[in-house]
Amino acid sequence: MNSYSPNMLKTFSDCPYKFYLKYVRKISIPQQASYFEKGKKIHAIANYYLRGDDISKIIKGLDEDELIIWNKLFNNEFFKMSYVKSEYNLSCRVGDFWVGGRLDALMRHNDDYYILDYKTGSIPKNPEMDFQTMVYLICADKKLNKYNSLKFIYIDLKNNKNFIIELTQELKQKYERILEDICKYITFTEEYPQNSEKCNFCEYSKVCKC
Ligand code: SF4
């Protein structure tokens, strides 16, 4: 049975040909390590901290910029809530397909649950309809079973802001329909058209004859 991550769904929706190169032909294009380094470091520290590890030595090794970002996350109201899980692999069925990925953190306050996603870069342009939002909210909803409220929190560390999406019955139905439709389409399609509108900054431009 096919299983799809938010990245796979986003890639297909942005450019089916990129999906073909990356996930069907399995061509991997190395990207500049420095581009992701800061985000990776902050995610790792957050995970160690939430698990209860001593992070004092790691904090001392941060540069000024990284320390500012870490302090923003550390003081974030949602990051201070009760810890449930971090770097949490979660998957669920939608129709005949599986979707899933790894959450940055799941927190709670009484019976209210919060999926946290820390962004050192920018948050999605349309957060409510981003595949990451849809997949994680639907998977957490199925996993938790009983809760008072379930929210997805994008923590924008660049601008020190939170973007909050609460899962409602209406959103849940909408997300399940969208996810099932795109999973079905990806599974059965034999066509992978190029989307030239997404070529700027595409790491596949060197191998793509567009
Ligand atoms: S360069 Fe453009 S057409 Fe080619 S894979 Fe990337 S986004 Fe798609």
Margin query: Here is the link list: Lys119/Lys174; Lys26/Lys60; Lys26/Lys172; Lys26/Lys142. Which ones come out longer than 28 Å on Cα distance?
Written below: Lys26/Lys60; Lys26/Lys172; Lys26/Lys142
Margin query: Take Arg51 and Lys209, extend 7 Å from each Cα along the Cα→Cβ direction, and tell me the distance between the two endpoints in nm.
Written below: 4.7 nm
Next item on the list: Name the residue farthest towards the positive end of the dipole of the chain from the options Ala140, Asn47, Tyr20, assuming +1 on Cβ of Lys and Arg, -1 on Cβ of Asp and Glu, about the Cα centre.
Entry: Tyr20
Note to self: Please give the Cα centre distance for the stretch 59-124 versus the stretch 147-203, rounded to the nearest Å.
What the structure shows: 17 Å
Checklist line | In the stretch 31-94, trypsin sites (Lys or Arg not before Pro) in a DSSP loop with at most 14 other beta-carbon atoms within 10 Å | finding: Lys80
Notebook entry, point to check: Kirkwood hydrodynamic radius (Cα pairs, Å) of the stretch 58-152?
Noted result: 14.7 Å
Next item on the list: Would you compute, from DSSP H runs of 4+ residues alone, the mean residue ellipticity of the chain at 222 nm, taking -39500 (n - 2.57) per run and dividing by the full residue count, rounded to the nearest 500?
Entry: -12000 deg cm²/dmol
Check: When the Debye formula is applied to the Cα atoms of the stretch 23-80, each taken as the same point scatterer, what base-10 log of I(q)/I(0) results at q = 0.18, 0.30 Å⁻¹?
Finding: -0.68, -1.37
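Heavy atoms only, probe 1.4 Å: what % of the accessible area of the stretch 156-210 goes to carbon and sulfur, would you let me know? Working shown, then result.
Numbers: 1980 of 4210 Å².
About 47 percent, which is the carbon plus sulfur part of the accessible surface.
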Item checked: Under the span-like rule (Cα at least 24 Å along the axis, Kyte-Doolittle mean at least 1.0), DSSP H helices of the chain -> none
Note to self: For the chain, what are Rg and Dmax over the alpha carbons, in angstrom?
What the structure shows: 18.2, 54
Note to self: Before I look further, what does the stretch 92-207 give for accessible area per residue, probe 1.4 Å, in whole square angstrom?
What the structure shows: 56 Å²
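With the radius of gyration and the Kirkwood radius both derived from the Cα set of the stretch 130-210, what is their ratio Rg to Rh?
Checking Rg against Rh, the ratio lands at 1.09.
The values are calculated or read from the model by the stated rules, or taken from the named source; none is laboratory data. Here the structure is a predicted model, which means the values were calculated and not measured. Don't worry about glycine lacking a Cβ; one is built from the backbone with ideal geometry, like all the others, and counts go over all protein chains shown. We work out accessible area using only protein heavy atoms, side chains counted, and drop any ligands, DNA or RNA first. Shrake-Rupley method; radii C 1.70, N 1.55, O 1.52, S 1.80 Å.
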